[in-house]
Amino acid sequence: MQIHAASYLISSPSIDMCPKPDKPEFAFLGRSNVGKSSLINMVTDHKGLAKISSTPGKTQLINHFEVRSADKKGKETKWNLVDLPGYGFAKVSISQRKNWEKMIKDFVQKRETLANLFILIDSRHEPQQLDIDFVNSLGEWKVPFAIVFTKSDKETQKVVHSNVEAFLTRLKEQWDELPPHFVTSAVKKTGRNKILDFIGQILKS
């Protein structure tokens, strides 16, 4: 699949104010500072689409982007990419964090056009309980999702492989079948084609 265009649509403070659900949607979500904006820009091949910040908690709304892509036969499709607020550490008040948590939960549970949620995990670190718990919650909520391990260029491949395997091993404690997963680097564009192929397969189904 090839991306022809990607453009910003709207930022919404709640699911009720999101765009009309008339296109398949692929949402990206992860802990604060996991490299979500860089990954979105890499996937869409649009350097400035999602705003990159070194400050955790920069994304505070549900951000929609419209994407035009084409399959190998040239058939064009429009779909929405959704940038959700990060969870976990951020220098915000408890009430603000609770608002974000409700925003995220409402979207992933209630958005009828959500085709897939990409949950981002930092491959530089050993499994974090917060991430494990969130992934297990997605299973309970029956939300279609895939795992994206980010920043694979920031550590040795041995460390990345060890952390990815450790995370998947932890999931096996709860899951009979593991969800799809991708190892990525926004700098080297590692994993981009695999993610696009995955999205393309879902759009065809």
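Couple of notes before you dig in:
- Hits in segment 124-143 - residues which are part of a loop (DSSP other than H, G, I, E, B) and surrounded by 14 or more Cβ atoms within 10 Å (Cβ to Cβ): ARG124, HIS125, PRO127, GLN128, VAL143
- Being without any contact (Cβ under 8 Å) to a residue 40 or more places away in the chain and farther than 22 Å from LYS142 by Cβ is a condition met by no residue of segment 172-181.
- The set of residues from segment 2-21 being open to solvent by less than 40 Å² (accessible area, probe 1.4 Å) and of a type outside the set (Ser, Thr, Tyr) comprises ILE3, ALA5, ALA6, ILE15, CYS18, PRO19.
- When LYS158 is tested against (1) farther than 30 Å from THR77 by Cα; (2) not in a helix (DSSP H, G or I), just one condition goes unmet, and that condition is (2).
- The single residue among ILE199, ILE147 that is under 24 Å from THR44 (Cα atoms), open to solvent by less than 40 Å² (accessible area, probe 1.4 Å) and outside any strand (DSSP E or B) turns out to be ILE199.
- Some residue of segment 173-180 being under 20 Å from the mean Cα position of the chain (by Cα), surrounded by 13 or more Cβ atoms within 10 Å (Cβ to Cβ), at pLDDT 95 or above and not in a loop (DSSP other than H, G, I, E, B): no
- Just one residue in the set SER11, SER69 is free of Cβ contacts under 8 Å to residues at least 60 places away in the same chain and either in a loop (DSSP other than H, G, I, E, B) or not hydrophobic (A, V, I, L, M, F, W, C) (or both); that residue is SER11.
- Criterion applied to LEU196, LEU130, LEU168 was being modelled with pLDDT under 95, in contact with a strand residue (DSSP E or B) (Cβ under 8 Å, 6 or more places away or on another chain) and hydrophobic (A, V, I, L, M, F, W, C), and the one residue passing it is LEU130.
The values are calculated or read from the model by the stated rules, or taken from the named source; none is laboratory data. Keep in mind the model is a prediction, meaning the values are calculated, not measured. Quick reminder, even Gly has a Cβ in these numbers, built from the backbone with ideal geometry, and neighbours come from all protein chains shown. The protein model used for the area step is the full one, side chains on, heavy atoms only, and it has no ligands, DNA or RNA in it. Shrake-Rupley method; radii C 1.70, N 1.55, O 1.52, S 1.80 Å.
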